1. I need the full set of residues from the range 116-141 which are out of contact with any Phe, Trp or Tyr (no Cβ under 8 Å at 6 or more places or on another chain), among the hydrophobic types (A, V, I, L, M, F, W, C) and either within 15 Å of residue 102 (Cα to Cα) or surrounded by 13 or more Cβ atoms within 10 Å (Cβ to Cβ) (or both), in order please.
2. Being surrounded by fewer than 15 Cβ atoms within 10 Å (Cβ to Cβ) and on the phi > 0 side of the Ramachandran plot is the filter; apply it to the range 66-112 and report the residue that is farthest from the chain's Cα centre (by Cα).
3. Does the range 43-57 contain any residue that is in a loop (DSSP other than H, G, I, E, B), of a type outside the set (A, V, I, L, M, F, W, C), modelled with pLDDT of 65 or more and out of contact with any helix residue (DSSP H, G or I) (no Cβ under 6 Å at 6 or more places or on another chain)?
4. Tally the residues that are over 17 Å from residue 58 (Cα atoms) and not in a helix (DSSP H, G or I), restricting the search to the range 108-124.
Amino acid sequence: MTTWNGRALLLGLIICALSPRAFAGPQQHPESTITAQAPKMDPKVAPPAKVPTDTNLKVGETLDLNTATELDFQRIPGIGEGLAAAIVQHRDEIGGYQREDQLMDVAGIAGKRYARFSTYLVVNEDTWQTFNKAWQKNNTPR
């Protein structure tokens with residue numbers, strides 16, 4: 001009886017292997033097809049801003065530390081969203097940058113990294129005065 005079961009099993013495997021479906025590859029049933037759809041965006045909410053990589057600052061172009069936005073800072077090669085936000089946050093906390101080297105007070109910027117960024121950054125005395133006066137007015141206890 002064991003031989004008969006073995007022969008039947010072998011015959012079944014041969015038939016399955018020689019059937020046309022065995023060579024057709026994996027089959028998929030229409031009811032199991034999943035169609036992915038993009039999430040629906042709320043038209044009232046703007047998508048997060050991204051800086052295209054082709055808008056990076058060129059050698060010789062500079063940004064004023066006291067007037068640049070987070071998106072402007074992201075144009076500097078090597079500065080992403082997080083670091084740009086930290087630069088602006090630190091500027092808002094100290095009342096503006098008076099010197100370029102104050103950028104090293106931002107977590108994540110020191111030494112070689114500062115040296116790479118400093119060629120793109122300037123502090124204009126007039127913009128610092130304007131920023132600082134506005135900051136003092138908004139941060140003076142009433």
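1. The initial filter retains those residues of the range 116-141 that are out of contact with any Phe, Trp or Tyr (no Cβ under 8 Å at 6 or more places or on another chain), namely 116-122, 124-127, 129-141.
Add one more test, that the residue is among the hydrophobic types (A, V, I, L, M, F, W, C), and what stays is 117, 121-122, 131, 134-135.
If the condition is that a residue be out of contact with any Phe, Trp or Tyr (no Cβ under 8 Å at 6 or more places or on another chain), among the hydrophobic types (A, V, I, L, M, F, W, C) and either within 15 Å of residue 102 (Cα to Cα) or surrounded by 13 or more Cβ atoms within 10 Å (Cβ to Cβ) (or both), then 117, 121, 122, 131, 135 are the ones that fit.
2. Among them, the one singled out is 111.
3. Yes: the range 43-57 contains one or more residues that are in a loop (DSSP other than H, G, I, E, B), of a type outside the set (A, V, I, L, M, F, W, C), modelled with pLDDT of 65 or more and out of contact with any helix residue (DSSP H, G or I) (no Cβ under 6 Å at 6 or more places or on another chain).
4. Of the residues in that region, 5 qualify.
The values are calculated or read from the model by the stated rules, or taken from the named source; none is laboratory data. Since the structure is predicted, the reported quantities are computational estimates derived from the model, not experimental observations. For neighbour counting, all protein chains shown are included, and Cβ atoms are generated from backbone atoms with ideal geometry for every residue, glycine included.
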